[in-house]
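Down below is the structure, laid out as structure tokens.
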Amino acid sequence: EENKVQQHQNKYPIIFVHGLAGFSSDNRPLGYPSYWGGSKYQVIKRLREEGYDVHEASVSAFGSNFDRAVELYYYIKGGTVDYGAAHSQEKGHERYGKTYEGVYKDWKPGHKVHLIGHSMGGTTIRMLEELLRNGYDPEKDYGKTNNSEVSELFQGGHDNMIASITTLATPHNGSQVADKLGNKDFIRSLVFRLSSLVGTKHNTFDIGLGQWGLSQKESESLIDYLKRIENSNLWDSDDNAFHDLTVEDTVNRLNNQTSINPNIVYNTYTGSASKESPITHHHRATPYMFGLLHAVSFLIGNDKDPKWRENDGIVPVISALAPFTQPFVKAGSTIQKGVWQVHDVMKGWDHADFVGLDFFDIRRTGAELEKFYHSLMDNIKQIEAIDTPARQLMSA
């Protein structure tokens, strides 16, 4: 174990978690760019070549924070996804999901990981940490009442498993996009119904909604499959990404449900690619913002509250800085635990720039992206340098 760890520049595995509509490199549609770095800088590949132990999590592209957090747990530790008896009954989907091999099967207290999330990946990570530490009471109660087995994840009491949490352009307090657009009935219906079509036997990628039955069975005809999914509970459910990204749901549910862990180092990075109009004081997209984000940026920039207008094309700056309900400080040279360390807003960076997907923006180069991710790695090594007790456990 010790020799294996020493072969890498980092002591604890680093897990990258994608956001909404994201796919891992081994599970992406034909023509879909690499989520982490695009064509500018292949983050996972290059960091591995440089000796870092890094992994690209494969979780649902459109699932809720809860479901994605559970999937992330099993992606790391291995095993068949157990969404919980109480949760699955309440939401109306299957209890069990896909089976993961596990990238760190010995993940347990004292054997830590670093978690880096882009966009919704950050809120998914927060949910996972909460479940690890405090469990999930509805599942505990269900297990007692029905004398049934409860997943270790939902039992709680699993602290000292995460060294650091880093979020990139994460809507910690939600985004008006989900409120104004994502949860319109016709938008949700269109996205989910298009998603159902990729669940056919002939597709090689998985959008991560198998628990809702969006996967064609071997003996099932396409017509029968489409008829079956027509009656899926998914279409009317709140157990999905669109609902979880709303300002109301994030502020009132996620932020109240999760808490800060005094043993974890937290960092946030925020982009801004909008500019205030001197006449209307609304925010408008800068010329170099990714073209597909301009309309969304317009919606955010017109918010009635001026504090919520500056944005990266998807997420308001005020939402990405830190959760409203948790302590935060301006990031400095001294690493602190148990508080969100907020780095300076990165002017000119839109939502896609953090992962190199804005291929039209010639100002955001591969070299710049490489420098940014190297700074994250440097920060992680500094965190590990002060994490003496856990490091001793790793080498014991």
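The values are calculated or read from the model by the stated rules, or taken from the named source; none is laboratory data. What you are looking at is a predicted structure, and each value in this text was computed from that prediction instead of being measured. Here Cβ is always computed from backbone atoms with ideal geometry, including for glycine, and neighbour counts include all displayed protein chains.
Worth a mention:
Condition check ((1) at pLDDT below 95; (2) touching a Ser or Thr at 6+ places or on another chain (Cβ under 9 Å); (3) surrounded by 13 or more Cβ atoms within 10 Å (Cβ to Cβ); (4) aliphatic (A, V, I, L, M)) across all residues:
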residue: SER319; (1), (2), (3), (4): no, yes, yes, no
residue: PHE360; (1), (2), (3), (4): yes, no, no, no
residue: THR365; (1), (2), (3), (4): no, no, yes, no
residue: ILE380; (1), (2), (3), (4): no, yes, yes, yes
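- Helices (runs of 4 or more DSSP H) fully within region 115-210 counting 3 or more residues that are at pLDDT below 95: 185-197
- Condition check for GLU71: of a type outside the set (A, V, I, L, M, F, W, C), crowded, with 19+ Cβ neighbours inside 10 Å and either farther than 18 Å from LYS98 by Cα or under 19 Å from the mean Cα position of the chain (by Cα) (or both): yes
- When region 135-164 is limited to residues that are of a type in the set (S, T, N, Q) and touching a residue at least 24 places away in the same chain (Cβ under 8 Å), the one that is farthest from GLY338 (Cα to Cα) turns out to be ASN146.
- Output for region 226-244, where each listed residue is of a type outside the set (Asp, Glu), in a helix (DSSP H, G or I) and out of contact with any strand residue (DSSP E or B) (no Cβ under 9 Å at 6 or more places or on another chain): LEU226, LYS227, ARG228, ILE229, ASN233, TRP235, PHE242, HIS243
- Check on ILE264, touching a Phe, Trp or Tyr at 6+ places or on another chain (Cβ under 8 Å), at pLDDT 70 or above and under 21 Å from LEU72 (Cα atoms): no
- Selection count where residues are over 27 Å from LEU357 (Cβ atoms), assigned to a helix (DSSP H, G or I) and touching a residue at least 60 places away in the same chain (Cβ under 8 Å), scope region 245-298: 5
- Test: residue in region 47-54 that is within 19 Å of GLY110 (Cα to Cα), among the charged types (D, E, K, R) and without any contact (Cβ under 8 Å) to a residue 40 or more places away in the chain: no
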